[in-house]
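This report refers to the structure that appears directly beneath it.
The values are calculated or read from the model by the stated rules, or taken from the named source; none is laboratory data. Remember, it's a predicted structure, so these values are computed and weren't measured experimentally. Cβ: placed from backbone, ideal geometry, glycine included. Neighbour counts: every protein chain shown.
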Amino acid sequence: MTVAARSDKGVMGMRCPNLFIARFRFKNSGGGAFLCLLALMSAMNMSCVIRAQNVQSTQSNSGDDYTLKLNSDIVMLSATVLDRHNALVSGLSKDNFQIYEDGVLQQIKYFSHEDIPVTVGIVVDNSGSMQPKRADVIASALAFARSSNPLDQIFVVNFNDTVSLGLPANIAFTDQPDVLQKALSQIRTIGQTALYDGMAAALDHLRLGNRDKKVLILLSDGGDDASKRSLAQVIGMAKQSSAIIYVIGIFDEQDADRNPAVLRRFARETGGEAFFPESSKEITSICEEIARDIRTQYSLAYVPTIAKLDGSYRVLDIRASAPGHGHLSVRTRAGFTVPSTPGAGNQNGRP
């Protein structure tokens, strides 16, 4: 079997873009294409929304090769399960979960619960108001790296008036603590806050990673007074990506720039979590908690019963239950934006 994966940015190999068109060539195979696609996704541990083309088969001139095209939106999700004490729950099976899209029950096609490496962006507010917390922020980011999967890809985005990548130009990602520390330390905490531009840069850089789960960790007070992009634009980028965003709100009650609502929204829309420590000394334990959360998540996939590619927004609801566990809550992304086929329009009547 040969596989070619193409998106709007060309051949992607084993990477997991938001829009993924797969062409499969099977020798001496007359069917089973969807099962093969799920097997491939299982090997790749993909976590995104995938678009492929309608199930068709054409025989090549050689007489023994078939090119099969599949037309399904494969929705891949990461989910964190918590009990009534807010403790992480592991050991569940596929039968313990239900997925609803726009209120309609979906059939789970793929399920996994294992620690897989991720691409992680640490997005750090370096505006003037962050100066007193700087040492704690650096220590916390390093604690996160030490608690992560050794195969994780980590990068840093620093922002104040402007936005910059913390790593040297020839290094896209690192797993080395000394390199990471330098990336976090080289920017002065001064000036205004371009939070939205910083998040946009981080979402763009995530796409360069070849790990199939994508995560951003934002440390900020939530204020913005210097960005060229708007909040709506960046939230739209987050909805179209597979990124999970965790935020750590770092501010004092007297901080006039604080905006916890913005921070909560980034987390809510993408299935992450927002933390608001009372002291900067708590940031290290929060980063370690985020690392544990990432490593214990469940991966699930389904094919939507509504197959139209109309650019609409689909609301997601994942539920979990298991004997002996009491009430369980599931944290995942609030929904996703369906890729739009040219000329499709709004066929589902959604705004």
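Matching residues to (1) hydroxyl-bearing (Ser, Thr, Tyr); (2) within 23 Å of Ser129 (Cβ to Cβ); (3) in contact with an Asp or Glu (Cβ under 6 Å, 6 or more places away or on another chain); (4) assigned by TED's automatic domain parsing to the domain that holds Phe144:
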residue: Pro177; (1), (2), (3), (4): no, no, no, yes
residue: Ile190; (1), (2), (3), (4): no, yes, no, yes
residue: Tyr196; (1), (2), (3), (4): yes, yes, yes, yes
residue: Ala226; (1), (2), (3), (4): no, yes, yes, yes
residue: Leu231; (1), (2), (3), (4): no, yes, no, yes
residue: Ile245; (1), (2), (3), (4): no, yes, no, yes
Worksheet item: For the stretch 96-155, which fully contained strands (runs of 3 or more DSSP E) count at least 2 residues that are touching a Phe, Trp or Tyr at 6+ places or on another chain (Cβ under 6 Å)?
Response: 108-112
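Name the single residue, out of those in the stretch 229-281 being of a type in the set (Lys, Arg) and in a loop (DSSP other than H, G, I, E, B), that is modelled with the lowest pLDDT. Give the derivation first.
Start the filter on the stretch 229-281 by keeping residues that are of a type in the set (Lys, Arg), which leaves 229, 239, 258, 264-265, 268, 281.
Filter once more, keeping what is in a loop (DSSP other than H, G, I, E, B): 229, 258.
On the way: Arg229: 96, Arg258: 83.
For the stretch 229-281, the residue satisfying everything is Arg258.
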Worksheet entry | Filtered residues of the stretch 285-312 (kept if assigned to a loop (DSSP other than H, G, I, E, B) and either under 25 Å from Leu216 (Cα atoms) or of a type in the set (S, T, N, Q) (or both)) | Thr296, Gln297, Thr305, Gly311, Ser312
Worksheet item: Which pairs have Cβ atoms under 7 Å, sit 6 or more apart or on different chains, and link a residue in the stretch 284-306 that is on the phi < 0 side of the Ramachandran plot and outside the structural domain of Gly271 (by TED's automatic domain parsing) to one that is part of a helix (DSSP H, G or I) and of a type in the set (A, V, I, L, M, F, W, C)?
Response: Ala301/Met41
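Whether any residue in the stretch 291-311 is β-branched (Val, Ile, Thr), touching a Phe, Trp or Tyr at 6+ places or on another chain (Cβ under 6 Å) and within 22 Å of Val330 (Cα to Cα) is what I want to check. Before you say what the answer is, go through the steps one by one.
Start the filter on the stretch 291-311 by keeping residues that are β-branched (Val, Ile, Thr), which leaves 294, 296, 303, 305-306.
Still in the list and also touching a Phe, Trp or Tyr at 6+ places or on another chain (Cβ under 6 Å): none.
Looking for residues that are β-branched (Val, Ile, Thr), touching a Phe, Trp or Tyr at 6+ places or on another chain (Cβ under 6 Å) and within 22 Å of Val330 (Cα to Cα), one finds none in the stretch 291-311, hence no.
Conditions (1) modelled with pLDDT under 90; (2) within 27 Å of Ile122 (Cα to Cα); (3) charged (D, E, K, R), marked per residue:
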residue	(1), (2), (3)
Val315	no, no, no
His327	no, no, no
Phe336	yes, yes, no
Thr341	yes, no, no
Worksheet item: From the list Ser241, Ser280, Ser321, which one is within 15 Å of the chain's Cα centre (by Cα) and among the polar types (S, T, N, Q)?
Response: Ser241
Worksheet, complete the sentence: With criteria (1) in contact with a strand residue (DSSP E or B) (Cβ under 9 Å, 6 or more places away or on another chain); (2) surrounded by fewer than 21 Cβ atoms within 10 Å (Cβ to Cβ), Ile217 comes up short on (2)
